[in-house]
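Structure first, commentary second.
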Protein chains: 2
Amino acid sequence: MSGIKEVAKQANVSIATVSRVLSKPESVAEETIKKVLEVIEDLNYQPNAAARQLRMSETTTILVVVPDITNTFFSDVLRGIECVALENGYQVLLGDAGNNLEQEKGYLNILRQKKAAGMILLTAGIEANIVEEIAAQYPVVLACEYLEGVNVPTVSIDNVSSARKATEYLINLGHKRIGFISGPMNSVLGRDRLKGFYQAMAQYNLKVEPDLVQEGNFSYRSGFNMMLKLLAYSHTPTAVFAANDEMAFGAINAIEQKGLTVPQDISVIGFDNIKFSSIFKPALTTISQPTFDIGTKAMELLIGLMTKQEMEKTQFILENKLVLRDSCYKCSR
Amino acid sequence: MSGIKEVAKQANVSIATVSRVLSKPESVAEETIKKVLEVIEDLNYQPNAAARQLRMSETTTILVVVPDITNTFFSDVLRGIECVALENGYQVLLGDAGNNLEQEKGYLNILRQKKAAGMILLTAGIEANIVEEIAAQYPVVLACEYLEGVNVPTVSIDNVSSARKATEYLINLGHKRIGFISGPMNSVLGRDRLKGFYQAMAQYNLKVEPDLVQEGNFSYRSGFNMMLKLLAYSHTPTAVFAANDEMAFGAINAIEQKGLTVPQDISVIGFDNIKFSSIFKPALTTISQPTFDIGTKAMELLIGLMTKQEMEKTQFILENKLVLRDSCYKCSR
DNA sequence: ACTAAATTTGAATGCGGTTACAATTCGGTT
DNA sequence: AACCGAATTGTAACCGCATTCAAATTTAGT
C-alpha cells in the first residue's frame, strides 16, 4: 500500500530525501530525519524489496539446498546457517531436494533469476562440472560433502579419518570380525566412510570379509535389513559399524529382535551423533559431527564470497570426535 | 549477465517480443518463437525475478515461520508445505524463530517488504491481535496451532479431543492414578492437551491429583525431570501421559533409571508420533498427527488465499489417530 | 552586507522486465 | 488498384527505489 511516495508526501519532502533518511542519514538535516522517521513509523513503511533489489542489483536472500529436511542432521546444519544469516541480515530460501536430483538442479535457476545472492549446497548429487560452472558465476559453498577435485569453498569433516577412528576404537576393544553397513556408494560421503573402515582394518592386518560389508541407504529400514543379512551368515560379526546413526538404530533393533543384546553380544557404533543417539537404548557410541558449526562456518564463508572479501582459506575441515556411550563393549569371543 | 536485451539483440527482435514468447507465446509467430527460444537456451537466460516482481507486483515466494526447525515434527510439516509449494511454482523462505518471540515478529517485515506473498505460521507466539492485523493485509494461514477467537484460515488437529482419546485409552486399561506432563502453559497447544486430559478424567469420575500434573516445555530434558518429580511422590502414578513424544522418551528413560519398567510398572503415552517413536524401545504408544498433510493442506489454503479464490471453508481440523504400540499396558495395581 | 563554500534538498534517470497501444505486414476483397 | 482486418511486431510508459547532478538554502568569512 504505502510506498515511498506516500511517505514523501506526508512528510512534505521528496522521495529522494526519504530514501536518504534510510540509507545515508548523515546527509540529511537532523530535523528532516525526525520528521520523516515519524511518518515512516506511522505508516509502518518498509521499502519494497523488489524495487530495491532491482535498483541495487543485490538481494539479501540466500539459497540452501538440502537433501532431506526431515533428517535432523541437516536441520541442525540449517539452524547454524540460519543463525548467522539472520545476524547478518540475510534470509534463507529453503530448497528441499527430496533426494531427487532433478529437483536439486531446478534450484539452480533461483540463482540465475537473481532470486538469491548465493547458495549453500548440503548435497552432492549435482555433477561436479555443473557445480563448478555455477560456482564460477555465483557465490557457492559446499557443506557436509565435498566434491573431488572441485575447487569450490567447502566446509566438512574428514569422513575418512573419522571412520578410521571409529573402526580403530572397535579394534582396540578386541574386535576382529567387524561388519560394516555403508551408505549408498554413489555418495562421496558413503564411499569415504567405507574407505576409512578399510584403512583401519588394513592397518591392523585384519581381513575384511566381503560378506560383512553391506550397502544401505542411510535409512533406519536399511540398517535393520542389512543387519539381518549380516546375522544370517554362519559366522556373525562381533561388532558392526553403521555409516550413520539411523542405520545403527536399525542394526541394534535387528540384533535385539534376534534375541541378542547390544553391546554384550555385538557392539554397534554409529556416525553423526544426532539428537536421538543419546536417548536411544543403549545410548549410541558414535562419531559426533559439529553440525551447528558446519552451518555457521558455511554461512560465514558464503558471506565472505558474496561481499568479495579476500579469503585466506576456502577449505575447512572441522573437528569431530568419538562419543563413547553404551553400545560398544570389549570383545568376548 | 545476460538480460532480456541481450536475448532480443541476438534474436533480432524487440524485448517485447522476447517477453511475449515467455508469457503469451500464442501471440507470437511460430518461427519467431523458435528463434527466440533458441537464443534463450543458448544464453541460459532466466528473467530477473526482481524486475518481474516489481512490474507485476507479485512474488512466488512464501514465508514459513517455524518455532524450531530441529524438531522433526515441524520439519515434517515443512516438507508437506514445500512439496505443494514446489508443485505450484512457489519457493519457501524459512523463518526459524528459535523459540524467540522478537525474532518471530521480525519476520512480519518480510511481508511488508513484499519479499513474500504470504505466510504460514507454525507457531502461535505472536499476539492474536497482531496476527489478525497482519492477516487482514496479507494472506496468512495458521497451521498446528490456532488462536482463540481469531478468524484466520487455520489447519490443525483437535488437540482437546485427541488428548481426551489418549487419556480414555489409559483409563480403559484400568489406570486410575494418571500423571500428566504438560507442554508450556503459555501455548494454546499445551493448554488444549491438558484440557483434554481433564475432560476425560472428569468424564470417568477420576480425580486428578494436582501433584501428578507437571509442566514441561516439550523437551526431552523436561520430560525426564518432570517424571523424576512424579516418581518422588509416595503415591506414584500407574500411567503417565506426556504432551509430546520427546517428553515421553524422557519420562520413560527416567522411569527405567529408577529401576522400573515400561509398561509393566508404569504405562506411558505420548503425542505427535514423530519418526523416532516407533524406533524407541519400548515402541511408543502415541497420538499420530498427520504432519505431512497439515503442511500440504496449509499450503493449499495459502495458495487459495493468494489467488483470491472463493473458499468454502477456511478452518480445517485434520484427523489424528491413536497408534498402539508397546509403552502401555493394563493396570496391575 | 555580500560572496564563496558547505549543507541540504529535489528533479530526473534507469535498474529489467510487462503490457497497452501504435505500427507494420500480408492475404483476400471489391 | 485501393482497401480492410487479422496477425505479428515494435515503441514507450510504467513498477518503487537509489543515486547523480544541479538548484536552493544555509553558514561562514571578510
**OP:** Confirm whether A:Arg193 is touching a residue at least 60 places away in the same chain (Cβ under 8 Å), more than 29 Å from A:Lys313 (Cα to Cα) and among the basic types (Lys, Arg).
**Re:** no
Original post:
What do you reckon, is A:Leu78 over 19 Å from B:Ala117 (Cβ atoms), within 11 Å of chain B (Cβ to nearest Cβ), buried (at least 20 other Cβ atoms within 10 Å of the Cβ) and within 16 Å of DNA strand C (Cβ to nearest atom)?
Top reply: no
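Quick grid of which residues meet (1) within 27 Å of B:Phe276 (Cα to Cα); (2) crowded, with 22+ Cβ neighbours inside 10 Å; (3) of a type in the set (A, V, I, L, M); (4) assigned by TED's automatic domain parsing to the domain that holds A:Asn244:
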residue	(1), (2), (3), (4)
A:Ala85	no, yes, yes, no
A:Lys114	no, no, no, no
A:Leu122	yes, yes, yes, no
A:Asn129	no, no, no, no
Subject >> Answer residue from segment B:1-18, given it is surrounded by fewer than 16 Cβ atoms within 10 Å (Cβ to Cβ) and free of Cβ contacts under 8 Å to residues at least 24 places away in the same chain and is farthest from DNA strand C (Cβ to nearest atom) among those >> reply: B:Asn12
**OP:** Write out, first by first residue and then by second, each pair whose Cβ atoms fall under 8 Å of each other, whose residues are 6+ apart or on separate chains, and whose first residue, in segment A:21-48, is assigned by TED's automatic domain parsing to the domain that holds A:Ala11 while the second is assigned to a loop (DSSP other than H, G, I, E, B) and open to solvent by 80 Å² or more (accessible area, probe 1.4 Å).
**Re:** A:Lys35/A:Asn12
Original post:
Among the residues of segment A:93-110, is there at least one that is more than 9 Å from chain B (Cβ to nearest Cβ), small (Gly, Ala, Ser), assigned to a helix (DSSP H, G or I) and more than 16 Å from DNA strand C (Cβ to nearest atom)?
Top reply: no
**OP:** Looking only at segment A:268-288, count how many residues are away from chain B (no Cβ under 11 Å) and either closer than 13 Å to A:Ile181 by Cβ or open to solvent by 10 Å² or more (accessible area, probe 1.4 Å) (or both).
**Re:** 7
Subject >> In segment A:231-259, residue surrounded by the most Cβ atoms within 10 Å (Cβ to Cβ) [restricted to those that are of a type in the set (A, V, I, L, M, F, W, C) and more than 14 Å from every other protein chain (Cβ to nearest Cβ)] >> reply: A:Val240
**OP:** Considering (1) in a loop (DSSP other than H, G, I, E, B); (2) assigned by TED's automatic domain parsing to the domain that holds B:Lys114, say which one B:Pro237 fails and leave the rest.
**Re:** (2)
Original post:
Hey, does segment A:146-158 have a residue that's within 12 Å of chain B (Cβ to nearest Cβ), surrounded by 19 or more Cβ atoms within 10 Å (Cβ to Cβ) and in contact with a helix residue (DSSP H, G or I) (Cβ under 9 Å, 6 or more places away or on another chain)?
Top reply: no
Original post:
Residues A:Ile130, A:Ile81, A:Ile120, A:Ile134: which one is in a helix (DSSP H, G or I) and at pLDDT 95 or above?
Top reply: A:Ile81
Original post:
Scanning segment B:19-49 for residues that are within 9 Å of DNA strand D (Cβ to nearest atom) and among the polar types (S, T, N, Q), which turns out least open to solvent (accessible area, probe 1.4 Å)?
Top reply: B:Thr32
Original post:
Within segment A:22-41, which residues are near DNA strand C (Cβ under 8 Å from one of its atoms) and part of a helix (DSSP H, G or I)?
Top reply: A:Glu26, A:Ser27, A:Glu30, A:Glu31, A:Thr32, A:Ile33
Subject >> Residues (near DNA strand D (Cβ under 8 Å from one of its atoms) and either within 8 Å of another protein chain (Cβ to nearest Cβ) or touching a residue at least 40 places away in the same chain (Cβ under 8 Å) (or both)) located in segment A:50-66 >> reply: A:Ala50, A:Ala51, A:Leu54
Subject >> Residues being open to solvent by 60 Å² or more (accessible area, probe 1.4 Å) and either closer than 17 Å to A:Lys165 by Cα or in contact with a strand residue (DSSP E or B) (Cβ under 6 Å, 6 or more places away or on another chain) (or both) - total across segment A:177-228 >> reply: 9
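The values are calculated or read from the model by the stated rules, or taken from the named source; none is laboratory data. What you see is a predicted model; the values in this text were computed from it and never measured. For neighbour counting, all protein chains shown are included, and Cβ atoms are generated from backbone atoms with ideal geometry for every residue, glycine included. We work out accessible area using only protein heavy atoms, side chains counted, and drop any ligands, DNA or RNA first. Shrake-Rupley method; radii C 1.70, N 1.55, O 1.52, S 1.80 Å.
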